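Peer 1: Before anything else, here's the structure in question.
The values are calculated or read from the model by the stated rules, or taken from the named source; none is laboratory data. No experiment lies behind these values; they were computed from the predicted model shown. Please note: Cβ atoms are built from the backbone with ideal geometry, for glycine as well, and neighbour counts cover all protein chains shown. We work out accessible area using only protein heavy atoms, side chains counted, and drop any ligands, DNA or RNA first. Shrake-Rupley method; radii C 1.70, N 1.55, O 1.52, S 1.80 Å.
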Amino acid sequence: MTSALINIGASGAAAARAGIDLTAQNIANAENPNYARRSLGQSEFVASATIGLNSADAFGGVRLGAVQRAQNELLQLQARNSNSDVARADAELRGLRGAETALEQSQLYETLVEYEAALTRLESDPLDPTLRTLALETAGQLTDTIGLANRTLRSARELVQSEVAIGVEQANSTASELAAINADLAAAQEGTARRASLLDARDAALRELSDEFGITATFNDEGLADVTINGSPGVVLVQGAVANTLTATTAANGTIALSVGGQAITPESGAMAGRQAALIAQANAQIDLDAIAASVIATGNAAQASGSASDGSAGQPLFSGTNASDIAVALTDGSQLATAPSGAAAGSRDTTVLGNLLTSIASATGPVAGADSLLSGLSSRISGLDTRREGLAIIAESAQTQLLSETGVDLDEEAADLVRLQQAFEANARVIQVATELFDTILGLR
């Protein structure tokens with residue numbers, strides 16, 4: 001009996017110490033988002049014996065079980081999906097705001113209005129050399145502004161493209177890491193601390209992938225994760241210990257096309273989907289900016305072609321170039337501006353041509369309306385997306401809170417467990433001490 005007491009106390013102390021170590025590990029990782037709470041399985045160790053027709057059971061202490069890891073696949077899925085939706089909205093917002101900032105900081109709309117105002121002032125006195133010089137200088141400022149808007153819009157596009165390159169590199173790295181984790185999980189023994197750590201790493205890799213894409217993860221009996229990118233169509237990124245390679249190809253207009261293992265994919269959510277949408281919006285903004293530049297060139301040159309300068313000579317093109325990248329002022333002197341109709345005598349104060357130019361600039365299809373439509377369209381889209389992003393963030397935060405309540409570490413609970421386990425260790429140590437004293441007493445009997 002004395003030896004049985006020693007065995008019971010020793011196994012109880014070992015179980016308490018293992019529990020203390022695990023609790024300490026939980027406390028140390030309380031702030032680690034990639035850690036799931038651990039607990040230690042325990043059961044009674046019962047020895048059975050039969051002599052003749054009589055059988056008896058003897059309690060022999062505590063049997064240590066497996067390291068159990070808190071997990072909830074449904075909440076993990078909800079957290080990943082909501083995270084992908086927020087990541088898409090964030091990435092798209094950054095790209096759209098970059099385009100909006102590029103166009104607003106260039107003061108495109110304001111400069112177009114100044115150009116129109118300078119021509120209106122010239123209409124009041126078409127032969128005033130100061131007003132003619134001012135009108136030509138304002139036209140030069142407009143071409144500089146359009147060129148600046150073109151360059152800053154290109155910089156915003158390049159920034160998103162660099163984010164795509166970084167995202168592709170990170171996704172490939174994470175996919176390779178997940179494939180290696182799958183290989184290690186296949187060899188890991190069930191219920192061990194190493195397996196629990198591998199499962200933590202697996203879930204962390206899935207969360208990282210969900211930042212870039214909306215994904216579907218399927219798990220086999222060993223816990224290995226196969227990952228499919230949700231999109232048109234869905235494409236397998238990781239299968240067992242094999243990871244396919246993600247690549248991005250940039251088109252002439254700056255948009256990107258994605259493929260996995262050579263198969264094209266258009267992701268539904270995640271930051272990569274947001275970047276794709278932002279680049280498409282920026283490409284459309286570039287088309288609109290080029291249309292504004294072409295409208296400025298066309299209206300100015302058409303007016304010049306139909307009019308005559310102050311000295312009676314035929315009007316020459318006001319602008320050169322075809323779009324926002326190469327627009328420039330072609331005239332060198334304000335006297336060359338055509339304000340009177342073609343064939344008018346030198347010194348004519350007829351402003352018919354100038355009036356037609358002002359009408360074209362201010363029309364519903366003119367450059368001023370085009371710039372207003374471009375900027376207001378971007379602003380409206382950003383406002384709507386920002387509102388949607390706030391709603392998605394609330395959903396994502398709720399999903400993450402629910403997940404943490406299931407798998408996270410509660411410091412109050414762990415502290416209570418630590419006290420309980422310390423008391424259990426001391427109690428089992430006392431059992432061993434009492435058993436030793438009893439054994440010594442028995443040996444001392446004569």
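Peer 1: State all residues of the stretch 12-39 that are under 27 Å from A435 (Cα atoms) and in contact with a strand residue (DSSP E or B) (Cβ under 6 Å, 6 or more places away or on another chain); if no residue qualifies, say none.
Peer 2: Of everything in the stretch 12-39, those that are under 27 Å from A435 (Cα atoms) and in contact with a strand residue (DSSP E or B) (Cβ under 6 Å, 6 or more places away or on another chain) turn out to be G12, A15, A18, G19.
Peer 1: Confirm whether S380 is in contact (Cβ under 8 Å) with a residue 40 or more places away in the chain and surrounded by fewer than 17 Cβ atoms within 10 Å (Cβ to Cβ).
Peer 2: No: the conditions fail for S380.
Peer 1: Could you list, in sequence order, the residues of the stretch 203-226 that are farther than 20 Å from A187 by Cβ, in contact with a helix residue (DSSP H, G or I) (Cβ under 7 Å, 6 or more places away or on another chain) and either open to solvent by 60 Å² or more (accessible area, probe 1.4 Å) or not in a helix (DSSP H, G or I) (or both)?
Peer 2: Result: E208, D211, F213, G214, I215, A217.
Peer 1: Go through the stretch 174-190 and give me each residue that's without any contact (Cβ under 8 Å) to a residue 60 or more places away in the chain and open to solvent by 70 Å² or more (accessible area, probe 1.4 Å).
Peer 2: E177, A187, Q189 - these are the residues of the stretch 174-190 that are without any contact (Cβ under 8 Å) to a residue 60 or more places away in the chain and open to solvent by 70 Å² or more (accessible area, probe 1.4 Å).
Peer 1: Please go through (1) β-branched (V, I, T); (2) closer than 30 Å to A281 by Cα; (3) open to solvent by 30 Å² or more (accessible area, probe 1.4 Å) for T436 and return the number of the only condition it doesn't satisfy.
Peer 2: Condition (2) is where T436 drops out.
Peer 1: Can you report the number of residues in the stretch 4-33 which are among the aliphatic types (A, V, I, L, M), modelled with pLDDT under 80, surrounded by 15 or more Cβ atoms within 10 Å (Cβ to Cβ) and out of contact with any Phe, Trp or Tyr (no Cβ under 6 Å at 6 or more places or on another chain)?
Peer 2: 8
Peer 1: Also, I was wondering about something else. Restricted to the stretch 133-155, and to residues that are β-branched (V, I, T) and closer than 17 Å to N284 by Cα, which residue is surrounded by the fewest Cβ atoms within 10 Å (Cβ to Cβ)?
Peer 2: Here the residue is T152.
Peer 1: Report the residue count in the stretch 261-293 for those that are open to solvent by less than 40 Å² (accessible area, probe 1.4 Å) and more than 19 Å from the chain's Cα centre (by Cα).
Peer 2: Summing the residues that are open to solvent by less than 40 Å² (accessible area, probe 1.4 Å) and more than 19 Å from the chain's Cα centre (by Cα) in the stretch 261-293 gives 6.
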